[in-house]
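The values are calculated or read from the model by the stated rules, or taken from the named source; none is laboratory data. None of these values were measured; they are calculated from a predicted model. Here the Cβ positions follow ideal geometry from the backbone for every residue, glycine too, while neighbour counts run over all protein chains shown.
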Ligand code: FES
């Protein structure tokens, strides 16, 4: 060990100087004030006593020749096991991945995970065990100390710093000139508040705008013209959708409210489209479970849900016909189209909002806006 790490007697003395060091404070002796710039008493205490630094029993011992030979054979055996497991991994991968069309299917994937993972884990374990035994049984073991210089400044520097600091404070007159001190604090205060001003860069508050989509406005306009609701048009072609056009169970299509292009200012069309975009799904009637209070929100099993994923807003655009699951490709949130688009898998925290539907003159219509905010859950605060 370096001499730096040896315990040095402090000003209050160690056992050698005849004065108690730590016990004195416990017994009610007056507590010594530490003077600015003087070394901390902590520096006087070594983390380990000199005796504790000596090598532990057994360290540095060498095994006899026979024991070393035995350890060597064990290590070599473990390395051979690691080699065999690695070869098995490669052989299985090559042989299996080419067999019967490769790795497709859940059962095949499970089987491959078991064998590939098992052989690789065995290889790593055997290698690690071999290296550990090699190091512990065959290599000499001795304490290694890395010498480091003293981290703190020496006492002279600390005293010089404390002296300069006090001289500077005295010279500035900050304690004697309250006017200057107070105006300085006043000048610095706004700088502390500056980060608050940066919050403005986060943009305007959404207020209530996120609570509504263009469906509400379109329905209001349709009702003012004596209709029951607004027709659904196909996204892209803007063709109004008849019930008979969408009669096959299992189909899905993206729709928007009729008139969005004509009545919304050009620079807002994209925003309104993004909020109003809706998926229409024809769920087989025998599998459809209308939610309580929404029994008449569908037309012969045709239901409409917001296409904006309630996780972070990607388009939930994938539909699996056999299971009637709506899937968001971004983080795999999955919603059940037969059951009010409730979340059945993934990070989304709530169901896709449902749009109330009805029928008028053979067309599918929406009778109101969504009853809850569309999009990520935090928008509910809007
Ligand atoms: S945005 Fe849909 S799952 Fe994340």
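Scanning region 122-130 turns up no residue that is within 38 Å of the chain's Cα centre (by Cα), touching a residue at least 40 places away in the same chain (Cβ under 8 Å) and within 30 Å of residue 354 (Cα to Cα).
Condition check: in contact (Cβ under 8 Å) with a residue 24 or more places away in the chain and outside the structural domain of residue 370 (by TED's automatic domain parsing). Does residue 227 satisfy that?
Details: in contact (Cβ under 8 Å) with a residue 24 or more places away in the chain: yes; outside the structural domain of residue 370 (by TED's automatic domain parsing): no.
It is false that residue 227 is in contact (Cβ under 8 Å) with a residue 24 or more places away in the chain and outside the structural domain of residue 370 (by TED's automatic domain parsing).
Going by what's in this entry, would residue 162 be described as over 24 Å from residue 76 (Cα atoms), surrounded by 11 or more Cβ atoms within 10 Å (Cβ to Cβ) and modelled with pLDDT of 90 or more? Criteria met by residue 162.
Annotation note: Cβ proximity below 7 Å between a residue of region 290-319 that is on the phi > 0 side of the Ramachandran plot and a residue that is within 16 Å of the ligand (Cβ to nearest atom) (sequence gap 6+ or interchain) occurs for 313/375; 313/376.
Checked against (1) part of a helix (DSSP H, G or I); (2) in contact with a strand residue (DSSP E or B) (Cβ under 8 Å, 6 or more places away or on another chain), residue 185 meets all criteria but (2).
Quick test for you: out of 66, 82, 109, pick the one residue that is modelled with pLDDT of 75 or more and within 39 Å of the chain's Cα centre (by Cα).
Numbers: 66 fails: within 39 Å of the chain's Cα centre (by Cα); 109 fails: modelled with pLDDT of 75 or more.
Sole residue among the options that is modelled with pLDDT of 75 or more and within 39 Å of the chain's Cα centre (by Cα): 82.
List the strands (runs of 3 or more DSSP E) inside region 272-382, counting only whole elements, that have at least 2 residues being within 16 Å of the ligand (Cβ to nearest atom) and surrounded by fewer than 17 Cβ atoms within 10 Å (Cβ to Cβ).
Passing ranges, in order: 318-320, 342-345.
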